[in-house]
1. I'd like to check something: does the range 69-85 contain any residue that is farther than 18 Å from residue 149 by Cβ and either crowded, with 22+ Cβ neighbours inside 10 Å or not polar (S, T, N, Q) (or both)?
2. May I ask you to say which residue of 113, 104, 137 is in contact (Cβ under 8 Å) with a residue 24 or more places away in the chain, surrounded by fewer than 17 Cβ atoms within 10 Å (Cβ to Cβ) and among the β-branched types (Val, Ile, Thr)?
3. Can you work out which of the residues in the range 60-76 that are among the polar types (S, T, N, Q) and touching a residue at least 40 places away in the same chain (Cβ under 8 Å) is farthest from residue 122 (Cα to Cα)?
4. If I ask for residues that are of a type in the set (S, T, N, Q) and surrounded by fewer than 11 Cβ atoms within 10 Å (Cβ to Cβ), which ones from the range 1-43 would you list?
5. Name the strands (runs of 3 or more DSSP E) wholly within the range 53-171 that hold at least 1 residues that are under 24 Å from residue 29 (Cα atoms)?
6. Might you let me know whether the range 86-93 holds any residue that is in contact with a strand residue (DSSP E or B) (Cβ under 6 Å, 6 or more places away or on another chain) and surrounded by 12 or more Cβ atoms within 10 Å (Cβ to Cβ)?
7. Out of all the residues in the range 105-125, is one or more over 16 Å from the mean Cα position of the chain (by Cα), within 20 Å of residue 12 (Cβ to Cβ) and at pLDDT 95 or above?
Amino acid sequence: MSIDVQLFKDAMAHWASGVTVVTTHANERPVGITVSSLTSVSLDPPQILICVSRKLFTHQAIEQSGAFAVNILGTDHLEWGMRFAGMIPELSDRFAGISTHVAVTGAPILSDVLGWLDCRVRHAYDGGDHTIFVGEVLAAGASEERSPLLYFNRTWRQLDEEPLRLPVAAR
(Lines give C-alpha, C1' and ligand atoms only; values in the text may rest on other atoms or scores of the structure.)
Protein backbone atom coordinates (compact mmCIF):
# COMPACT_ATOMS: atom_id res chain seq x y z
CA MET A 1 0.00 0.00 0.00
CA SER A 2 1.44 3.34 -1.04
CA ILE A 3 0.84 6.62 0.73
CA ASP A 4 -0.27 9.69 -1.19
CA VAL A 5 2.84 11.79 -1.94
CA GLN A 6 1.13 15.05 -1.02
CA LEU A 7 0.04 13.64 2.38
CA PHE A 8 3.63 12.53 2.99
CA LYS A 9 4.94 16.01 2.09
CA ASP A 10 2.33 17.69 4.29
CA ALA A 11 3.25 15.52 7.28
CA MET A 12 7.01 16.04 6.80
CA ALA A 13 6.50 19.82 6.53
CA HIS A 14 5.80 19.72 10.27
CA TRP A 15 9.29 18.45 11.05
CA ALA A 16 11.47 21.44 11.93
CA SER A 17 15.05 21.25 10.73
CA GLY A 18 18.15 23.34 10.60
CA VAL A 19 19.34 24.73 7.28
CA THR A 20 22.74 23.98 5.79
CA VAL A 21 24.60 24.57 2.58
CA VAL A 22 26.39 21.44 1.39
CA THR A 23 29.38 22.22 -0.80
CA THR A 24 31.88 20.28 -2.86
CA HIS A 25 33.89 20.85 -5.99
CA ALA A 26 33.65 19.74 -9.61
CA ASN A 27 36.44 20.35 -12.07
CA GLU A 28 38.06 22.71 -9.55
CA ARG A 29 34.88 24.82 -9.36
CA PRO A 30 32.80 25.16 -6.17
CA VAL A 31 29.25 23.81 -6.18
CA GLY A 32 26.65 23.82 -3.44
CA ILE A 33 23.01 23.33 -2.51
CA THR A 34 20.76 24.06 0.45
CA VAL A 35 20.11 20.90 2.46
CA SER A 36 18.00 20.34 5.56
CA SER A 37 18.55 16.58 5.81
CA LEU A 38 21.52 16.30 8.16
CA THR A 39 21.94 13.81 10.98
CA SER A 40 24.76 12.79 13.27
CA VAL A 41 25.48 9.07 12.83
CA SER A 42 28.47 8.19 15.01
CA LEU A 43 30.93 9.73 17.46
CA ASP A 44 33.66 7.12 16.99
CA PRO A 45 34.50 7.63 14.21
CA PRO A 46 32.68 10.96 13.84
CA GLN A 47 30.17 10.53 11.01
CA ILE A 48 27.14 12.39 9.66
CA LEU A 49 24.67 11.73 6.90
CA ILE A 50 23.09 13.96 4.30
CA CYS A 51 20.48 13.14 1.67
CA VAL A 52 20.89 14.60 -1.83
CA SER A 53 18.53 14.28 -4.80
CA ARG A 54 20.00 12.14 -7.57
CA LYS A 55 18.85 14.63 -10.22
CA LEU A 56 21.09 17.45 -8.94
CA PHE A 57 24.52 18.28 -10.35
CA THR A 58 25.81 18.57 -6.77
CA HIS A 59 24.95 14.87 -6.31
CA GLN A 60 27.22 13.93 -9.20
CA ALA A 61 29.94 16.24 -7.90
CA ILE A 62 29.86 14.63 -4.43
CA GLU A 63 30.06 11.16 -6.01
CA GLN A 64 33.02 12.16 -8.17
CA SER A 65 34.96 14.17 -5.57
CA GLY A 66 34.25 11.81 -2.68
CA ALA A 67 33.99 14.78 -0.34
CA PHE A 68 31.61 17.44 0.91
CA ALA A 69 31.38 20.17 3.53
CA VAL A 70 28.29 21.03 5.56
CA ASN A 71 27.88 24.71 6.43
CA ILE A 72 25.34 25.36 9.22
CA LEU A 73 23.49 28.62 8.63
CA GLY A 74 22.33 31.24 11.10
CA THR A 75 19.38 33.58 10.66
CA ASP A 76 21.81 36.16 9.28
CA HIS A 77 22.39 33.77 6.34
CA LEU A 78 18.80 33.59 5.08
CA GLU A 79 19.87 34.96 1.68
CA TRP A 80 22.56 32.26 1.40
CA GLY A 81 19.97 29.56 2.12
CA MET A 82 17.74 31.00 -0.59
CA ARG A 83 20.52 31.43 -3.15
CA PHE A 84 21.83 27.86 -2.75
CA ALA A 85 18.23 26.55 -2.94
CA GLY A 86 17.97 28.17 -6.38
CA MET A 87 15.42 30.73 -5.19
CA ILE A 88 17.37 33.62 -6.72
CA PRO A 89 17.44 32.46 -10.37
CA GLU A 90 19.04 35.65 -11.71
CA LEU A 91 22.16 34.83 -9.65
CA SER A 92 24.35 32.69 -11.90
CA ASP A 93 27.22 32.25 -9.40
CA ARG A 94 25.88 31.11 -6.02
CA PHE A 95 29.28 31.76 -4.41
CA ALA A 96 29.50 35.39 -5.64
CA GLY A 97 30.50 37.71 -2.81
CA ILE A 98 30.89 34.91 -0.24
CA SER A 99 34.38 34.30 1.10
CA THR A 100 35.33 30.68 1.53
CA HIS A 101 38.23 28.63 2.79
CA VAL A 102 39.07 24.93 2.75
CA ALA A 103 40.13 22.49 5.43
CA VAL A 104 41.11 18.90 4.58
CA THR A 105 39.02 17.78 1.58
CA GLY A 106 39.10 20.94 -0.52
CA ALA A 107 35.32 21.37 -0.29
CA PRO A 108 34.45 25.07 0.14
CA ILE A 109 33.64 26.21 3.67
CA LEU A 110 31.57 29.38 3.83
CA SER A 111 33.03 32.02 6.12
CA ASP A 112 31.19 33.08 9.27
CA VAL A 113 28.69 30.20 9.39
CA LEU A 114 27.51 28.86 12.77
CA GLY A 115 29.46 25.66 12.25
CA TRP A 116 30.99 23.51 9.56
CA LEU A 117 31.94 19.89 8.98
CA ASP A 118 34.46 18.79 6.34
CA CYS A 119 33.76 15.20 5.29
CA ARG A 120 35.06 12.36 3.19
CA VAL A 121 32.32 10.10 1.77
CA ARG A 122 32.47 6.75 3.59
CA HIS A 123 29.26 5.21 2.26
CA ALA A 124 26.54 5.98 -0.27
CA TYR A 125 23.19 4.24 0.10
CA ASP A 126 20.15 4.11 -2.16
CA GLY A 127 17.47 6.36 -0.72
CA GLY A 128 14.87 6.21 -3.49
CA ASP A 129 15.15 9.42 -5.51
CA HIS A 130 17.96 10.55 -3.16
CA THR A 131 21.32 9.14 -2.12
CA ILE A 132 22.17 8.91 1.56
CA PHE A 133 25.80 9.99 1.83
CA VAL A 134 27.55 9.06 5.07
CA GLY A 135 30.56 11.28 5.60
CA GLU A 136 33.44 10.81 7.98
CA VAL A 137 34.10 14.18 9.60
CA LEU A 138 37.78 15.04 9.09
CA ALA A 139 37.63 18.63 10.37
CA ALA A 140 35.04 20.86 12.01
CA GLY A 141 34.58 24.34 13.37
CA ALA A 142 32.03 26.45 15.22
CA SER A 143 31.57 30.16 15.76
CA GLU A 144 30.05 32.06 18.63
CA GLU A 145 26.49 31.16 19.48
CA ARG A 146 23.91 32.87 17.26
CA SER A 147 20.38 31.98 16.28
CA PRO A 148 20.17 29.12 13.75
CA LEU A 149 18.19 29.35 10.53
CA LEU A 150 15.32 26.86 10.59
CA TYR A 151 12.87 25.45 8.07
CA PHE A 152 9.37 24.53 9.23
CA ASN A 153 6.03 24.14 7.43
CA ARG A 154 7.52 25.25 4.10
CA THR A 155 8.95 28.53 5.37
CA TRP A 156 12.13 29.92 6.90
CA ARG A 157 12.01 30.37 10.68
CA GLN A 158 14.07 31.31 13.69
CA LEU A 159 14.09 30.13 17.29
CA ASP A 160 12.12 31.81 19.99
CA GLU A 161 15.18 32.74 22.00
CA GLU A 162 13.65 31.78 25.36
CA PRO A 163 14.65 28.25 26.40
CA LEU A 164 11.78 26.06 27.51
CA ARG A 165 11.38 25.53 31.23
CA LEU A 166 11.87 21.90 32.08
CA PRO A 167 9.28 20.16 34.23
CA VAL A 168 10.40 19.86 37.84
CA ALA A 169 10.83 16.09 37.51
CA ALA A 170 13.32 16.54 34.64
CA ARG A 171 15.65 19.02 36.39
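1. Within the range 69-85 (the criterion being farther than 18 Å from residue 149 by Cβ and either crowded, with 22+ Cβ neighbours inside 10 Å or not polar (S, T, N, Q) (or both)), the answer is no, since none of the residues qualifies.
2. 104
3. Only one residue tops the list, namely 75.
4. Hits for the range 1-43 are 2, 6, 27.
5. Of the strands (runs of 3 or more DSSP E) lying wholly inside the range 53-171, those with at least 1 residues that are under 24 Å from residue 29 (Cα atoms) span 67-72, 115-127, 130-142.
6. Checking the range 86-93: not a single residue is in contact with a strand residue (DSSP E or B) (Cβ under 6 Å, 6 or more places away or on another chain) and surrounded by 12 or more Cβ atoms within 10 Å (Cβ to Cβ).
7. yes
The values are calculated or read from the model by the stated rules, or taken from the named source; none is laboratory data. The model shown is predicted, which means the values in this text are computed figures rather than measured ones. All Cβ positions, glycine included, derive from the backbone under ideal geometry; neighbour counts span all protein chains shown.
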